[in-house]
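The values are calculated or read from the model by the stated rules, or taken from the named source; none is laboratory data. This structure is a prediction, so every number in the text was calculated from the model and none was measured. For accessibility, only protein heavy atoms count, side chains too; no ligands or nucleic acids. Shrake-Rupley method; radii C 1.70, N 1.55, O 1.52, S 1.80 Å.
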Amino acid sequence: TIGFVVPAVSDIGSATLYPSYLSHDVVIDPSVAAGSLNEGYSQIFETFDNSTGVIGQRLLKSYGGQISVMVWDVAGTGKSDFYKWLYSRRGKLKQFWLPSWNNDIDLSLDISSPDTTVTVNGNGFINMPVPFYIMIDSVAKTFHQVVDVTVGGSGTEVFLLSAVAGVDVSVASVTRISMLSMMRFNSDKIEINHYVKRVRVSIPVIECPVI
């Protein structure tokens, strides 16, 4: 007979590195440009070919999704924390929020903590399907669901939030307001390149519906 001794292993993926919004982590570390950008949109369909007739195709999803490769440079103690977060994904199906890190929206008026509306410079947001999600990067990073958009005065548009803003935000304090997308890993392979004082982590990701 052969006996095996299995030592207890701590769950390194139990720690939380990022803030949570609607029960999903928000990755608040911006990715870096490590080379040529390669982003796009995809829509999944299946093909049926019985080798005797017309080849048929059927959409498996009624929506398209953003696809890209995210790259993070991590140094110092942040390496251990980032490894723990990667481990906590436990595959490629666990979802997380990813900001665009663009200044997608320009705030027009200051926001008070009890406000349920946000006034922004008009840019066709009224034509966007709702709900959609935004990150306000100011003194603190806050995350919000926009449930309706109406036309305001003087070329502005008004976002109706699903809840109160929760913090005071002045126009001058805003670094950016970015769109938030729900993402997941799009590969079972994660590329980690080790350098002298840092690591570079490359992960294909794909947009998915908010659940």
remark   = Relative to the chain, whose Cα atoms define the longest principal axis, helix 78-89 and its Cα axis are tilted in degrees, nearest 10, by 80 degrees
ask   = If you build a Gaussian network model of the chain, linking Cα atoms that sit under 10 Å apart, which residue out of VAL146, VAL196, VAL26 swings the most?
value = VAL196
note = Applied in sequence order to region 184-192, the curve 6.51 cos²θ - 1.76 cosθ + 1.60 (Karplus, θ = phi - 60°) yields integer Hz couplings, x standing for Gly and Pro, of 8, 5, 10, 7, 7, 9, 10, 9, 10
ask   = For the chain, what is the calculated [θ] at 222 nm in deg cm²/dmol (nearest 500), taking -39500 (n - 2.57) for each run of four or more DSSP H residues and dividing by its residue count?
value = -2000 deg cm²/dmol
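Length gain on complete extension for the stretch ILE55 to ILE28, per 0.36 nm per residue less the alpha carbon to alpha carbon distance? Could you put the intermediate results ahead of the total?
Details: separation 27, 0.36 × 27 = 9.72 nm, distance 4.45 nm.
So the chain would gain 5.3 nm between ILE55 and ILE28.
If you roll a 1.4 angstrom probe over the protein chains with everything in place, what fraction of the accessible area of the chain belongs to carbon and sulfur, to the nearest %? Intermediate results must be reported in sequence, preceding the final value.
On the way: 6790 of 12640 Å².
Exposed carbon and sulfur together represent 54 percent of the surface.
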ask   = Lysine pairs, Cα distance under 21 Å, 8 or more residues apart or cross-chain: how many in the chain?
value = 12
ask   = Residues of the chain: accessible area per residue at 1.4 Å, in Å²?
value = 60 Å²
